[in-house]
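The structure appears right after this line, and notes come after that.
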């Protein structure tokens with residue numbers, strides 16, 4: 001056994017050693033002595049001893065290195081003339097390749113067995129075939145993503161967050177894991193959340209709209225208006241198909257932050273997707289600088305129908321804010337189908353409320369509540385009630401919600417939270433508690449969160465900013481806008497502009 005092991009190691013180093021020496025001998029074309037034949041012999045076939053086998057326990061084992069060695073009646077001899085001695089690199093590569101392949105397969109099979117025992121959904125091809133190795137990382141990512149979902153379902157948030165991090169670390173291409181992780185971190189850890197959103201935007205261009213929308217929801221809930229401005233500007237410059245949504249976000253964030261650099265950058269950009277917004281941006285900059293008369297002249301002198309749909313919305317909403325309700329309604333009527341039905345109704349309600357026109361306001365509400373109660377109806381009226389509280393309309397909407405209850409689920413959660421906030425703004429604590437109970441029964445509101453939301457609307461919170469509770473509330477964007485407008489940040493400093 002000792003001799004076998006010794007010859008095995010002689011084979012391991014002998015394959016490259018003797019082949020290298022014989023290759024050099026061939027390269028020198030006989031000008032150097034033969035490296036393996038005995039120099040005292042004739043050098044003729046079957047007569048010449050092999051010096052290379054002197055230290056081997058069994059000479060026949062050397063044939064694995066050099067098949068020129070043959071057994072004769074006189075012992076082991078070289079079967080080639082000295083000039084014909086040559087290397088056998090093919091044998092060397094075959095032995096080494098076979099050994100490495102065997103070791104690789106043993107390791108791969110062991111890894112496959114281990115991964116399957118752990119629970120990773122991998123198959124043997126994904127583990128053994130190198131071009132499929134990335135599938136192993138993907139499988140590990142989905143494995144931890146599934147464990148994260150189960151942990152969330154069991155209300156083990158810390159454990160779920162760890163699993164999510166592992167999932168995205170093992171498989172950065174897993175968009176679902178990355179987006180879920182970013183959304184989970186957005187309230188408590190905004191900085192790493194923002195980094196993940198940025199990475200998702202960069203690495204998943206086919207999902208850019210979804211990523212930007214989710215990031216925007218997180219940013220507006222936190223009141224990070226500077227980041228909203230940068231995101232909205234970039235989306236418009238990229239030629240997003242939802243440019244009206246992003247332009248409204250940019251205007252809204254600019255009014256909150258009083259930083260108008262992004263507006264100026266967009267106005268000065270030669271990109272066609274930005275150039276179309278120059279009339280609106282110039283008008284808004286005049287409003288921001290307090291030049292209302294000049295801004296009003298632009299409102300009247302610009303053909304807003306040549307702009308994307310937000311242009312009409314901007315003109316009508318600004319006329320309403322200025323108190324010129326008749327002009328606003330005229331422009332809204334002339335807009336035709338440029339605005340969707342929800343937006344038109346919301347603007348009409350805002351105009352009637354601003355004018356104090358009770359009868360048309362009530363008629364509009366009657367029309368909304370006269371048909372089957374929908375999610376959009378609750379959202380529109382809740383946003384209006386947040387901007388301009390009205391106990392009569394709140395009572396009517398509440399009555400419809402109780403008479404025609406909408407099942408609480410992921411799709412309807414937003415409208416229940418919207419009404420909860422409308423009741424809180426109104427200070428109607430009976431309705432607030434009743435709707436809060438519906439949300440709590442649906443597992444959408446924990447006792448600490450309920451207490452925090454109630455404390456805010458009662459004026460008992462340590463913060464006067466609605467963004468202190470917004471990140472935990474799944475609200476529609478329109479309702480979020482309404483709440484931030486009603487509970488804005490402390491008065492900003494002077495308008496910050498470019499030199």
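I'm trying to understand the selection: among the residues of the stretch 245-260, which are over 27 Å from the mean Cα position of the chain (by Cα) and farther than 15 Å from residue 318 by Cβ? Quick ask: steps written out before the conclusion?
Filtering the stretch 245-260 down to residues over 27 Å from the mean Cα position of the chain (by Cα) leaves 255, 258-260.
Within the stretch 245-260, 258, 259, 260 qualify.
Please state which of the following conditions residue 330 fails to meet, knowing it meets all the rest: (1) within 26 Å of residue 291 (Cα to Cα); (2) surrounded by fewer than 21 Cβ atoms within 10 Å (Cβ to Cβ); (3) in contact with a helix residue (DSSP H, G or I) (Cβ under 8 Å, 6 or more places away or on another chain).
In the conditions (1) within 26 Å of residue 291 (Cα to Cα); (2) surrounded by fewer than 21 Cβ atoms within 10 Å (Cβ to Cβ); (3) in contact with a helix residue (DSSP H, G or I) (Cβ under 8 Å, 6 or more places away or on another chain), residue 330 misses (3) alone.
Within the bounds of the stretch 195-203, is there any residue that is outside any helix (DSSP H, G or I), touching a residue at least 12 places away in the same chain (Cβ under 8 Å) and in contact with a helix residue (DSSP H, G or I) (Cβ under 8 Å, 6 or more places away or on another chain)? Lay out the reasoning, then the answer.
Taking the stretch 195-203 as the starting set, the residues that turn out to be outside any helix (DSSP H, G or I) are none.
Scanning the stretch 195-203 turns up no residue that is outside any helix (DSSP H, G or I), touching a residue at least 12 places away in the same chain (Cβ under 8 Å) and in contact with a helix residue (DSSP H, G or I) (Cβ under 8 Å, 6 or more places away or on another chain).
Within the stretch 59-96, how many residues are farther than 17 Å from residue 18 by Cα, touching a helix residue (DSSP H, G or I) at 6+ places or on another chain (Cβ under 9 Å) and surrounded by fewer than 15 Cβ atoms within 10 Å (Cβ to Cβ)?
Residues in the stretch 59-96 being farther than 17 Å from residue 18 by Cα, touching a helix residue (DSSP H, G or I) at 6+ places or on another chain (Cβ under 9 Å) and surrounded by fewer than 15 Cβ atoms within 10 Å (Cβ to Cβ): 2 in total.
Can you tell me which residues in the stretch 387-411 are surrounded by 16 or more Cβ atoms within 10 Å (Cβ to Cβ) and within 32 Å of the chain's Cα centre (by Cα)?
The answer is 406, 408.
Do we have residue 338 as farther than 23 Å from residue 385 by Cα and surrounded by 14 or more Cβ atoms within 10 Å (Cβ to Cβ) here?
Values: farther than 23 Å from residue 385 by Cα: yes; surrounded by 14 or more Cβ atoms within 10 Å (Cβ to Cβ): yes.
In short, yes.
Inspect the stretch 186-199 for any residue being under 24 Å from residue 274 (Cβ atoms) and surrounded by fewer than 16 Cβ atoms within 10 Å (Cβ to Cβ) and give the result as yes or no.
The answer is yes; a qualifying residue exists.
Which one of these is surrounded by 14 or more Cβ atoms within 10 Å (Cβ to Cβ), closer than 20 Å to residue 408 by Cα and at pLDDT below 90: 420, 475, 449?
Of 420, 475, 449, the one residue that is surrounded by 14 or more Cβ atoms within 10 Å (Cβ to Cβ), closer than 20 Å to residue 408 by Cα and at pLDDT below 90 is 449.
Quick check on the stretch 236-264: of everything there that is more than 25 Å from residue 488 (Cα to Cα) and without any contact (Cβ under 8 Å) to a residue 40 or more places away in the chain, which residue is surrounded by the most Cβ atoms within 10 Å (Cβ to Cβ)?
Ranking the qualifying residues of the stretch 236-264, first place goes to 240.
Among the residues in the stretch 309-316, are any outside the structural domain of residue 482 (by TED's automatic domain parsing), part of a helix (DSSP H, G or I) and surrounded by fewer than 20 Cβ atoms within 10 Å (Cβ to Cβ)? Walk me through how you get there before you give the answer.
At the first step, the residues of the stretch 309-316 found to be outside the structural domain of residue 482 (by TED's automatic domain parsing) are 309-316.
Restricting the remaining residues to those that are part of a helix (DSSP H, G or I) gives 309-316.
In the following step, the residues that additionally are surrounded by fewer than 20 Cβ atoms within 10 Å (Cβ to Cβ) were identified as none.
No - not one qualifying residue is present in the stretch 309-316.
Collect the residues in the stretch 5-42 that are assigned to a helix (DSSP H, G or I) and either free of Cβ contacts under 8 Å to residues at least 12 places away in the same chain or exposed (fewer than 11 other Cβ atoms within 10 Å of the Cβ) (or both), keeping them in residue-number order.
5, 8, 9, 12, 13, 17, 24, 27
Starting from the stretch 332-352, take each residue that is at pLDDT below 90 and list its partners that are surrounded by fewer than 21 Cβ atoms within 10 Å (Cβ to Cβ), counting only C-beta distances under 7 angstrom and pairs at least six apart or across chains.
That search, which allows pairs on different chains as well, returns 335/305; 338/305; 338/309.
Scanning for something under 18 Å from residue 478 (Cβ atoms) and free of Cβ contacts under 8 Å to residues at least 60 places away in the same chain, does the stretch 227-234 turn up at least one residue? Reasoning before the result, please.
Filtering the stretch 227-234 for residues under 18 Å from residue 478 (Cβ atoms) gives 228, 232.
Still in the running and free of Cβ contacts under 8 Å to residues at least 60 places away in the same chain: 228, 232.
Yes, because at least one residue in the stretch 227-234 is under 18 Å from residue 478 (Cβ atoms) and free of Cβ contacts under 8 Å to residues at least 60 places away in the same chain.
As an exercise: evaluate residue 381 against (1) at pLDDT 95 or above; (2) over 29 Å from residue 324 (Cα atoms) and give the number of the one condition it does not meet.
Here residue 381 clears every test but (2).
Of the residues that make up the stretch 280-289, is at least one modelled with pLDDT under 95 and either outside any helix (DSSP H, G or I) or more than 16 Å from residue 318 (Cβ to Cβ) (or both)?
yes
Rundown of residues vs (1) free of Cβ contacts under 8 Å to residues at least 60 places away in the same chain; (2) over 28 Å from residue 154 (Cβ atoms), yes/no style:
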| site | (1), (2) |
| --- | --- |
| 397 | yes, yes |
| 403 | yes, yes |
| 414 | no, no |
| 418 | no, yes |
| 434 | yes, yes |
| 441 | yes, no |
| 449 | yes, no |
| 484 | no, yes |
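Quick one: is residue 60 more than 30 Å from residue 130 (Cα to Cα), touching a strand residue (DSSP E or B) at 6+ places or on another chain (Cβ under 8 Å), in a helix (DSSP H, G or I) and not assigned by TED's automatic domain parsing to the domain that holds residue 129? Spell out the reasoning first.
Working: more than 30 Å from residue 130 (Cα to Cα): yes; touching a strand residue (DSSP E or B) at 6+ places or on another chain (Cβ under 8 Å): yes; in a helix (DSSP H, G or I): yes; not assigned by TED's automatic domain parsing to the domain that holds residue 129: yes.
Yes, satisfied.
Does residue 365 fit the bill of being touching a residue at least 40 places away in the same chain (Cβ under 8 Å) and either surrounded by fewer than 16 Cβ atoms within 10 Å (Cβ to Cβ) or more than 30 Å from the chain's Cα centre (by Cα) (or both)?
No: the conditions fail for residue 365.
Kindly evaluate residue 274 against the criterion of being over 19 Å from the mean Cα position of the chain (by Cα), surrounded by fewer than 16 Cβ atoms within 10 Å (Cβ to Cβ) and either outside the structural domain of residue 481 (by TED's automatic domain parsing) or in a helix (DSSP H, G or I) (or both).
Values: over 19 Å from the mean Cα position of the chain (by Cα): yes; surrounded by fewer than 16 Cβ atoms within 10 Å (Cβ to Cβ): no; either outside the structural domain of residue 481 (by TED's automatic domain parsing) or in a helix (DSSP H, G or I) (or both): yes.
The answer is no for residue 274.
Every residue in the stretch 341-370 that is in contact with a helix residue (DSSP H, G or I) (Cβ under 8 Å, 6 or more places away or on another chain) and not in a helix (DSSP H, G or I), please.
Of everything in the stretch 341-370, just one residue is in contact with a helix residue (DSSP H, G or I) (Cβ under 8 Å, 6 or more places away or on another chain) and not in a helix (DSSP H, G or I), namely 357.
The values are calculated or read from the model by the stated rules, or taken from the named source; none is laboratory data. Fair warning: this is a prediction, and the values are worked out from it, not measured in the lab. Every residue, glycine among them, receives a Cβ derived from its backbone with ideal geometry; neighbour counts consider all protein chains shown.
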